[in-house]
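Worksheet for the structure shown next.
All of the numbers you see were taken from the coordinates with simple rules; none came from a lab. Source: prediction; values computed, not measured. Neighbour counts are summed over all protein chains in view; Cβ atoms, including those assigned to glycine, are modelled from backbone coordinates with ideal geometry.
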Amino acid sequence: MLFLVLFFIVNQVLAAFLLPIPLCAQKQYKATGKASYYADKFNHRRTTSGELFSNDSLTAAHKTLRFGTLVKVTNLLNDSVVIVRINDRLPKKSSRIIDLSKAAARKLNFIKRGITQVSVEEVIKH
């Protein structure tokens, strides 16, 4: 029992000193530009992060954001909003700022257009 109490106290002390900068103090990514969505032929292929891609998931590819980052994507033509998780990479020279799954594109109402103007904002957990 004493061991568990000491273990808990040591963990609390270490956590207080070793915690990174609070998430709300970190610089938040924001950008506007073109978005497109994945073609059906990419369904069930591996993403750069190693997971299997599914057009039914709310995921996206980005040039630089870390895998697992959540971003709020707003379609600037109709104000539709979706939150997606970054799990793939866009080519560095891509003219798009984000490539979305078909499910995300459907929520943003741009399936017929194929490409739309969006704002992308990192979701910071407080």
Among residues of the range 88-121, those that are on the phi > 0 side of the Ramachandran plot and in contact with a Phe, Trp or Tyr (Cβ under 6 Å, 6 or more places away or on another chain), counted: 0
Where a residue in the range 55-70 is within 20 Å of residue 81 (Cβ to Cβ) and its partner, wherever it lies, is of a type in the set (Lys, Arg), with Cβ under 6 Å and at least six apart: 55/102; 59/85; 61/89; 70/85
Every residue from the range 68-92 that is assigned to a loop (DSSP other than H, G, I, E, B) and crowded, with 16+ Cβ neighbours inside 10 Å: 69, 80, 90
Residue list for the range 89-126, restricted to those being in contact (Cβ under 8 Å) with a residue 60 or more places away in the chain, of a type in the set (Gly, Ala, Ser) and either farther than 15 Å from residue 71 by Cα or touching a Lys or Arg at 6+ places or on another chain (Cβ under 8 Å) (or both): 95, 114, 119
Count of residues meeting criterion [closer than 18 Å to residue 31 by Cβ and outside any strand (DSSP E or B)] in the range 49-66: 4
